[in-house]
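The structure under discussion appears below in the form of structure tokens.
The values are calculated or read from the model by the stated rules, or taken from the named source; none is laboratory data. The shown structure was predicted, so the numbers you read here are calculated from the model rather than taken from an experiment. Please note: Cβ atoms are built from the backbone with ideal geometry, for glycine as well, and neighbour counts cover all protein chains shown.
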């Protein structure tokens, strides 16, 4: 069985807490770059990631989340793997 999957990106703005502007009822948000992570969504697989694929163990994955699908064998899973973020300039 070959894995059915696709890859997408997640973008997260890195920012501090909102700061009030003196004299007006507005706030300013101080940002510093963004994080872009590749997310691989796996629709159907028979293998789970190994510990060695994660950060701190020699790999590049930050997290993974899988669920077992209903099947007679009980060895078919679906889930996602999140890669290490790359720091990128903010986009409009």
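The one condition from (1) exposed (fewer than 10 other Cβ atoms within 10 Å of the Cβ); (2) in contact with a strand residue (DSSP E or B) (Cβ under 9 Å, 6 or more places away or on another chain) that residue 23 does not meet is (2).
Specify the residue that is farthest from residue 5 (Cα to Cα); the eligible residues are those in region 41-92 that are in contact with a helix residue (DSSP H, G or I) (Cβ under 6 Å, 6 or more places away or on another chain) and surrounded by 15 or more Cβ atoms within 10 Å (Cβ to Cβ). It would help to see each step written out before you state the result.
Of the residues in region 41-92, the ones in contact with a helix residue (DSSP H, G or I) (Cβ under 6 Å, 6 or more places away or on another chain) are 57-59, 61.
Next, only the ones that are surrounded by 15 or more Cβ atoms within 10 Å (Cβ to Cβ) stay: 59, 61.
Working: 59: 20, 61: 16 Å.
Ranking the candidates gives 59 first.
Filtered by the rule that a residue be touching a strand residue (DSSP E or B) at 6+ places or on another chain (Cβ under 8 Å), within 30 Å of residue 17 (Cα to Cα) and at pLDDT below 95, region 38-83 gives 55, 60.
Does residue 8 satisfy being in contact (Cβ under 8 Å) with a residue 12 or more places away in the chain and loosely packed, with under 11 Cβ neighbours inside 10 Å? Write out each step before concluding.
Numbers: in contact (Cβ under 8 Å) with a residue 12 or more places away in the chain: yes; loosely packed, with under 11 Cβ neighbours inside 10 Å: yes.
Taking the combined requirement at face value, the residue satisfies it.
A Cβ distance below 7 Å, combined with a sequence gap of six or more or placement on separate chains, defines the contacts here; from region 22-34, residues that are on the phi > 0 side of the Ramachandran plot reach residues that are surrounded by 10 or more Cβ atoms within 10 Å (Cβ to Cβ) and in a loop (DSSP other than H, G, I, E, B) in the pairs 33/90.
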